[in-house]
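The structure appears below as structure tokens.
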Amino acid sequence: MPIFPPPLATTTPSRPGVALVSISRLQSLCDTVAPRYADHARFFPVREGYDAAVAALQAYVDAGSVDVVLAAGSNGAYLRDHLSVPVVMVKVNGFDVLSAITRATTTWPGARIGLVLHETISHELADLTPWLNVGLKQRAYRSIDEVRLAVDTLAAEGCSVIIGPGMACDFAQQAGMESVFLYSLGAVEEAFERSVELARVSRQKESKRVRLNTIVAHLRDGVAAFDEAGQLEAVNPAMLELLGLGAPTDARLGSAPKDTRAANPDHDIPAQVALAVAPLLRETLAHDQPIDERVEQIGGRALIVNCVPIVEHGVRTGSVVTLQDALVAQRIDRSLRTSQRPKHLVARHQLDDLIGDSPALQRVRRLARAGAAHDATVLLTGESGTGKELVAQGIHNASRRRGNPFVAFNCAALPEGLIESELFGHEEGAFTGARRGGKPGLFEIAHTGTIFLDEIGEMPAALQSRLLRVLQEREVMKLGAGRATPVDVRVIAATHRDLHALVEQGAFRADLYFRLNLLQIELPPLRERRGDLTLLARHLLNRSALQYGLPEAAQERVLTFLTPLFEHYAWPGNVRELENLLARAAIYSGDAAAEASQDWQAVFPEFGRMTQAAVLKADSAASNGAGGTAVRAATIGNTSSRVTPTREDVQRAIDQHGGNRAAASRALGIGRTTLWRLLKN
């Protein structure tokens, strides 16, 4: 059970490594062939056998120096059973055997020959022996002791020449017999070819494995791989820590299960890991479906679990389980929502941006600051254009949620079906035309921040119940979703309508109204705070002047002329109307020459129905103030036009302008609609 290790401290060489395990006569053949492959691999001679060879090779393997071992006979078979790296055997083919027999019969004619082979004798060669006219006997061996026994047995049967591996030849010479080394140079060369190629492929695979293991070892998520039987194959330190098994020490990294148990029988890592996630493995196997981002309690800890099958060539060969700390996931989620929110979801205004010192406005500031200190829902009421969104942004920026998203939504701007998707979001395929991959709702986007619901009185009745549930449960259910998503959102609602009256009419839910009406702030209309008009107009005109390039002198002329008119106007559009009017003045008042020739009655039709006294006051202020003649020329129409005209006045103006009603309406200082109404009346 490998435990994913940290990166190796040493740099892995580019050439693969091959260990040459050769005893006795095989060594000379390896020394002859090795220089030919020096450019393709590094070679490490090992002059030991069996246990001694395993001990020497393990050091090379642990250091990452050796990728493949080349050996022969029983020594190679022993190493194959005791090493984790591939072992390439020097193979003896039929040509090698016949060649060795030919050398023996040529050198010692008439001698009885004994052939010692690894693992099994050659029955084909036994069938050919009568045709070769050779006295040949065969014996097989599997260990070094069986080599000596095979030589002694052949000697007892009258053989005077032994053909076999190096050890068999050595034993034969010790017994006073002749010998022929079985392995040929061609067999060794072929083993070198296979060893170098296998080492190259193994090095590539090992590099990929080390790279993958290094990546997985540094993941915050726990990862464990299991085979099809449910046996643990690999696990990273994060998995052990999440399961409460502790991070492994460097000495335990890469150790096998039996080594871990031997060192600490009470801390069997594979068994404990498998036991902890066994229900997940069984469920995935039984239903043939992966487990995706499910929250489970494991070891008294809330973890997000995933379990997916490993499929190779269409066959399931195991499973991978990943765990993530739910608390860490929540922190990451908050960080992502904050760092990746759209740029426009930012509150730009402060409560100090409310211009004016009237008692009504001071009361609004006081209540707004009190509401900002808490997370309670706020209901802003007041006519259109009184600055409800500015106040909402100011409350957000004065609260602990400043810096987090501020999401504004107009409940009257979209059809009912689109409002639901926009506010609560939807999953992929929830309805025709749903966005691929789904879409988060505005409540999710506003997580940890504030959502401003403007024109709340226009919200369709069917959605009022869903909004009420969000306010009560603090969670949203996407369209097409199977589970709710928790949200941490402060709600500020606004309306220009009388919600209490709507409740009595049955057009607005009473329970939603009482949920919204916790902290109510009523914004006064502009006509009730006329003391703020001059200061507010100067502030707004300065802002428009920067945008439209209005000189400072022209600003003073505009304010001197318009201020007397402001005091007698009803301001149905409130601050928004004042801002638009001053922007219009900035556009049309670029220079004095333009002002002198300007048709100001057409520029400011809002003041067309004002009283003659108001106009005379404006004209007097203009005459005594800055601008002189230019400002007086800017007076809207003539003084007589300031009195509300009668039907006779309208008819007379039409006659004077040859039936041109547009010119007549301009002369009277009234709009065309008013002119039509007066004629009709």
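Counting only residues that are under 16 Å from I23 (Cβ atoms) and modelled with pLDDT of 90 or more, region 51-75 holds 11 of them. Of all residues in region 25-35, none are basic (K, R) and either over 30 Å from V161 (Cβ atoms) or surrounded by fewer than 16 Cβ atoms within 10 Å (Cβ to Cβ) (or both).
Within region 508-522, restricting attention to residues that are in a helix (DSSP H, G or I) and without any contact (Cβ under 8 Å) to a residue 60 or more places away in the chain, the residue that is farthest from the chain's Cα centre (by Cα) is A510. Note on region 559-575: residues that are acidic (D, E) and either closer than 23 Å to K388 by Cβ or surrounded by 20 or more Cβ atoms within 10 Å (Cβ to Cβ) (or both) total 0. Say whether the condition of being more than 35 Å from the chain's Cα centre (by Cα), at pLDDT 90 or above and among the hydroxyl-bearing types (S, T, Y) is met by at least one residue in region 442-457. No. Filtered by the rule that a residue be touching a strand residue (DSSP E or B) at 6+ places or on another chain (Cβ under 6 Å) and either in a strand (DSSP E or B) or hydrophobic (A, V, I, L, M, F, W, C) (or both), region 121-133 gives a lone residue, I121. The single residue among L117, L128 that is without any contact (Cβ under 8 Å) to a residue 24 or more places away in the chain, surrounded by 13 or more Cβ atoms within 10 Å (Cβ to Cβ) and at negative phi turns out to be L128.
Of everything listed in (1) modelled with pLDDT of 90 or more; (2) buried (at least 20 other Cβ atoms within 10 Å of the Cβ); (3) in a helix (DSSP H, G or I), the single unmet condition for E504 is (2). Filtered by the rule that a residue be within 60 Å of the chain's Cα centre (by Cα) and surrounded by fewer than 17 Cβ atoms within 10 Å (Cβ to Cβ), region 171-189 gives L185, G186, E189.
Can you find, within region 633-681, the residue that is modelled with the highest pLDDT among those that are of a type outside the set (A, V, I, L, M), buried (at least 16 other Cβ atoms within 10 Å of the Cβ) and not in a loop (DSSP other than H, G, I, E, B)? Per the stated criteria, the residue is D649. For region 307-318, taking the residues that are surrounded by 14 or more Cβ atoms within 10 Å (Cβ to Cβ) and out of contact with any Gly (no Cβ under 8 Å at 6 or more places or on another chain), the one that is modelled with the lowest pLDDT is identified as G318. If you go through region 454-488 and keep only what is surrounded by fewer than 17 Cβ atoms within 10 Å (Cβ to Cβ) and on the phi > 0 side of the Ramachandran plot, you end up with R474, G480.
Please go through region 533-558 and pick out each residue that is crowded, with 22+ Cβ neighbours inside 10 Å and either touching a strand residue (DSSP E or B) at 6+ places or on another chain (Cβ under 9 Å) or not in a helix (DSSP H, G or I) (or both). Passing the criteria: only L550. Selection of region 190-214 for residues being among the hydrophobic types (A, V, I, L, M, F, W, C) and either buried (at least 16 other Cβ atoms within 10 Å of the Cβ) or touching a Phe, Trp or Tyr at 6+ places or on another chain (Cβ under 9 Å) (or both) yields A191, F192, V196, L198, A199, V210, L212.
Modelled with pLDDT of 85 or more, over 30 Å from F406 (Cβ atoms), surrounded by 17 or more Cβ atoms within 10 Å (Cβ to Cβ) and not assigned by TED's automatic domain parsing to the domain that holds V487, is that true of T284? For T284, the condition - modelled with pLDDT of 85 or more, over 30 Å from F406 (Cβ atoms), surrounded by 17 or more Cβ atoms within 10 Å (Cβ to Cβ) and not assigned by TED's automatic domain parsing to the domain that holds V487 - is met.
The residues of region 115-134 that are out of contact with any Gly (no Cβ under 8 Å at 6 or more places or on another chain) and of a type outside the set (S, T, N, Q), listed by number, are E119, I121, H123, A126, D127, L128, P130, W131, L132, V134.
The condition of being closer than 21 Å to G382 by Cα and of a type outside the set (S, T, N, Q) holds for only one of E528, E552, that being E528. All of R483, R469, R490, R474 fail the test of being without any contact (Cβ under 8 Å) to a residue 24 or more places away in the chain, charged (D, E, K, R) and within 22 Å of R402 (Cα to Cα), apart from R474. Take the conditions (1) at pLDDT 80 or above; (2) within 30 Å of K388 (Cα to Cα); D325 misses just one of them, which is (2). Across region 329-347, not a single residue is classified as at pLDDT 90 or above and either in contact with a helix residue (DSSP H, G or I) (Cβ under 8 Å, 6 or more places away or on another chain) or closer than 19 Å to P486 by Cα (or both). Whenever a residue of region 283-300 is closer than 18 Å to Q324 by Cα, its partners that are in a loop (DSSP other than H, G, I, E, B) and of a type in the set (G, A, S), lying with C-beta atoms within less than 6 angstrom and at least six residues away or across chains, give the pairs G299/G244. The requirement of being touching a residue at least 12 places away in the same chain (Cβ under 8 Å) and small (G, A, S) is fulfilled somewhere in region 523-543, by at least one residue. How about region 148-170: which of its residues are within 19 Å of I101 (Cβ to Cβ), hydrophobic (A, V, I, L, M, F, W, C) and surrounded by 22 or more Cβ atoms within 10 Å (Cβ to Cβ)? Answer for region 148-170, where residues must be within 19 Å of I101 (Cβ to Cβ), hydrophobic (A, V, I, L, M, F, W, C) and surrounded by 22 or more Cβ atoms within 10 Å (Cβ to Cβ): A150, V151, L154, C159, V161, I162, I163, A168, C169.
The values are calculated or read from the model by the stated rules, or taken from the named source; none is laboratory data. In this text the structure is predicted, and so the values were computed from the model without any measurement. No Cβ is skipped: glycine too gets one built from the backbone with ideal geometry, and neighbour counts run over all protein chains shown.
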